[in-house]
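Data first, discussion second: the structure below is written as structure tokens.
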Amino acid sequence: MNTLIISYDLHQIGQNYAALSEAIRNLGSWCHCLGSTWIVKTSLNHLQAAKRLEATIDQNDALIVIQAFGTDASWTGFDKERSDWFKSNL
């Protein structure tokens, strides 16, 4: 399984966040940890995931998918549900 960090900026008002959010959720086990940042555990690599997500955004939007290596992580300020997800998946 791969751990991917996904972040985006949808630049026009009225963008379809729902389609992008659904596409991210469909990648695997996910945590929507910050406003436009997600962490996903998936069998896909970063290129495969990015290709799927690109279909849900406009050409002027920005998307980055980073394949995270290793399991070292630190965080603060998250609720129990997200902290538990981090502990189980990072």
Residue-normalised accessible area of the chain, given per residue in Å² at a 1.4 Å probe: 64 Å²
Largest-first principal axis extents of the Cα set of the chain (Å): 35, 26, 17
Accessible-area composition of the chain, carbon plus sulfur, in percent [1.4 Å probe]: 50 percent
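Calculate, in nm to one decimal, what ARG82 and ILE66 gain on full extension: separation in residues at 0.36 nm each, minus their alpha carbon distance.
3.8 nm
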Extension gain (nm, one decimal) between LEU34 and TRP75, 0.36 nm per residue minus Cα-Cα: 13.6 nm
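Using 0.36 nm times the number of residues separating TYR17 and ILE5, minus their current alpha carbon distance, what extension gain do you get? Please report the intermediate quantities before stating the final value.
Numbers: separation 12, 0.36 × 12 = 4.32 nm, distance 1.72 nm.
Difference between extended and current length: 2.6 nm.
Answer rounded, prolate or oblate for the stretch 1-43, using the Cα gyration tensor with square roots of eigenvalues a ≥ b ≥ c: rounded when a/c is under 1.5, else prolate when a/b is larger than b/c, else oblate.
Taking the square roots of the gyration eigenvalues as a ≥ b ≥ c, the stretch 1-43 is prolate.
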Relative contact order %, the chain, counting alpha carbon pairs below 8 Å whose residues are six or more apart: 40 percent
Computed magnitude of the charge dipole of the chain (debye, nearest 20; Cβ of K, R +1, Cβ of D, E -1): 260 debye
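The values are calculated or read from the model by the stated rules, or taken from the named source; none is laboratory data. This structure is a prediction, so every number in the text was calculated from the model and none was measured. All Cβ positions, glycine included, derive from the backbone under ideal geometry; neighbour counts span all protein chains shown. SASA here: full protein model, heavy atoms, side chains in, ligands and nucleic acids out. Shrake-Rupley method; radii C 1.70, N 1.55, O 1.52, S 1.80 Å.
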